[in-house]
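The values are calculated or read from the model by the stated rules, or taken from the named source; none is laboratory data. Since the model is a prediction, treat every value here as computed from it, not as a measurement. Neighbour counts run over all protein chains shown; Cβ positions are idealised from the backbone, glycine included. Accessible surface is based on the protein model in full, side chains and every heavy atom, while ligands, DNA and RNA are left aside. Shrake-Rupley method; radii C 1.70, N 1.55, O 1.52, S 1.80 Å.
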Amino acid sequence: MKPFAFAKPGDVAEAVRTVAAEPAAVFLAGGTNLVDHLKLGVARPDLVVDVRTLTSREVTDLPDGGLRLGAASTNSEVAADRRVRERYPVLAAALLAGATGQLRNAATTGGNPLQRTRCVYFQDVTTPCNKREPGSGCSAVGGYTRYHAVLGVPAALPDPTDPATCIATHPSDMAVALAVLDAQVQVLGPTGERTIPFAELHRLPGDDPSRDTVLEHGELITAIDLPALPEGARSTYRKVRDRASYAFALVSVAAVLAGDDVRIALGGVAHKPWRASRAEGLLRGRELTDSAVRAAMDAELAAAQPQPGAGGGNGFKIPLVARTVAATLRELTEATR
Ligand SMILES: Cc1cc2nc3c(=O)[nH]c(=O)nc-3n(C[C@H](O)[C@H](O)[C@H](O)COP(=O)(O)OP(=O)(O)OC[C@H]3O[C@@H](n4cnc5c(N)ncnc54)[C@H](O)[C@@H]3O)c2cc1C
Ligand code: SF4
């Protein structure tokens with residue numbers, strides 16, 4: 001492991017100033033992702049700044065009936081909070097579908113959505129990877145693509161030597177639930193505070209796959225707000241994976257039904273949690289029959305680009321995610337009858 005300096009500032013403002021002043025500095029929260037990357041040589045910072053005890057660990061009520069999750073609240077604490085379980089079952093279910101009890105006891109609200117891709121090549125420093133080493137190429141194209149993206153990618157076999165190529169997926173379960181809940185991210189940076197709609201936090205690779213989010217260097221997540229859902233809203237999360245536990249999503253679906261409103265977010269299919277806006281628009285106000293859902297998902301997935309690769313590639317994700325959306329909406333519809 002590359003040696004680094006370690007700092008434990010007195011408050012969040014000092015932490016932000018400290019990271020902003022050092023280009024090769026990173027924040028440390030629960031450490032369940034960052035420490036692995038330090039050991040693997042994927043992350044090579046000069047300075048690690050511990051913020052674990054600086055941000056709030058509380059879940060507090062907001063005046064509009066929503067909840068504020070302090071950035072240091074753990075995944076276990078949020079999943080166990082009675083208000084979260086009653087009002088946002090989709091979030092509790094997504095959190096409990098992730099990792100293991102021990103990891104969830106350490107992982108935080110701020111760190112979870114910022115965990116990095118599980119692309120095997122990203123974690124193997126001996127292979128080219130545009131995300132880890134900008135401009136080095138993408139080893140995943142035509143390689144092991146089972147966990148890779150089908151949406152938000154330009155072609156079925158993008159140019160692996162193009163510095164913009166990255167077909168990685170975002171691995172967080174929590175982030176898919178936060179996307180469907182229209183959560184708001186509270187951020188403190190060197191120039192002050194700002195609020196980022198969760199749907200805009202993560203980015204597609206664009207021309208810089210090394211950037212997962214729109215956060216600037218030195219910006220710290222201080223809390224994530226959950227807006228109130230309408231009275232009678234129902235929500236749930238469904239994750240499809242290779243093993244029943246301790247496995248990342250092949251595909252996942254977070255859904256909310258609230259009156260005529262249908263909200264759907266997809267995990268495991270893109271570089272960011274994918275809000276299925278096209279399908280939502282086609283389903284809004286309609287009876288959620290299997291054929292209506294199938295047609296809406298056909299429209300949502302029309303631009304999908306299955307990636308060939310070892311073991312058959314990842315084309316299986318396209319029918320799988322459509323069926324998982326249908327099953328999730330059926331479960332919610334039946335629960336409202
Ligand atoms: C074996 C294993 C299995 C797993 N399985 C799953 C799974 O099935 N589903 C799933 O969703 N996750 C899974 N995870 C990932 C786990 O959920 C994440 O590692 C964890 O949520 C990250 O949170 P953390 O607080 O430990 O973040 P850290 O590791 O401390 O930090 C992660 C990143 O966020 C940055 N950061 C942290 N806090 C802040 C902040 N407040 N503001 C700005 N930047 C910040 C850090 O600089 C770092 O880049 C698994 C992890 C392991 C090791
Ligand atoms: S898919 Fe992205 S993370 Fe994986 S090797 Fe290619 S550039 Fe790296």
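Taking the listed residues I221, I167, I196, the one that is within 13 Å of ligand 1 (Cβ to nearest atom), in the same structural domain as R323 (by TED's automatic domain parsing) and either assigned to a loop (DSSP other than H, G, I, E, B) or without any contact (Cβ under 8 Å) to a residue 24 or more places away in the chain (or both) is I196, with no other qualifying. Examine the stretch 27-45 for a residue that is surrounded by fewer than 22 Cβ atoms within 10 Å (Cβ to Cβ), without any contact (Cβ under 8 Å) to a residue 60 or more places away in the chain and in a strand (DSSP E or B), and state whether such a residue exists. The answer is yes; a qualifying residue exists. Is there a residue in the stretch 149-156 that is out of contact with any helix residue (DSSP H, G or I) (no Cβ under 7 Å at 6 or more places or on another chain) and open to solvent by 50 Å² or more (accessible area, probe 1.4 Å)? The answer is yes; a qualifying residue exists.
What about A270, is it exposed (fewer than 14 other Cβ atoms within 10 Å of the Cβ), in contact with a Ser or Thr (Cβ under 9 Å, 6 or more places away or on another chain) and touching a residue at least 40 places away in the same chain (Cβ under 8 Å)? Considered against the rule, which asks whether it is exposed (fewer than 14 other Cβ atoms within 10 Å of the Cβ), in contact with a Ser or Thr (Cβ under 9 Å, 6 or more places away or on another chain) and touching a residue at least 40 places away in the same chain (Cβ under 8 Å), A270 comes out as no.
Among the residues of the stretch 171-201, those identified as out of contact with any helix residue (DSSP H, G or I) (no Cβ under 7 Å at 6 or more places or on another chain) and either within 23 Å of P134 (Cα to Cα) or within 16 Å of ligand 2 (Cβ to nearest atom) (or both) are P171, E200.
Could you tell me whether the stretch 125-144 includes any residue that is open to solvent by 20 Å² or more (accessible area, probe 1.4 Å), more than 16 Å from P209 (Cα to Cα) and touching a Ser or Thr at 6+ places or on another chain (Cβ under 9 Å)? Within the stretch 125-144, not a single residue is open to solvent by 20 Å² or more (accessible area, probe 1.4 Å), more than 16 Å from P209 (Cα to Cα) and touching a Ser or Thr at 6+ places or on another chain (Cβ under 9 Å).
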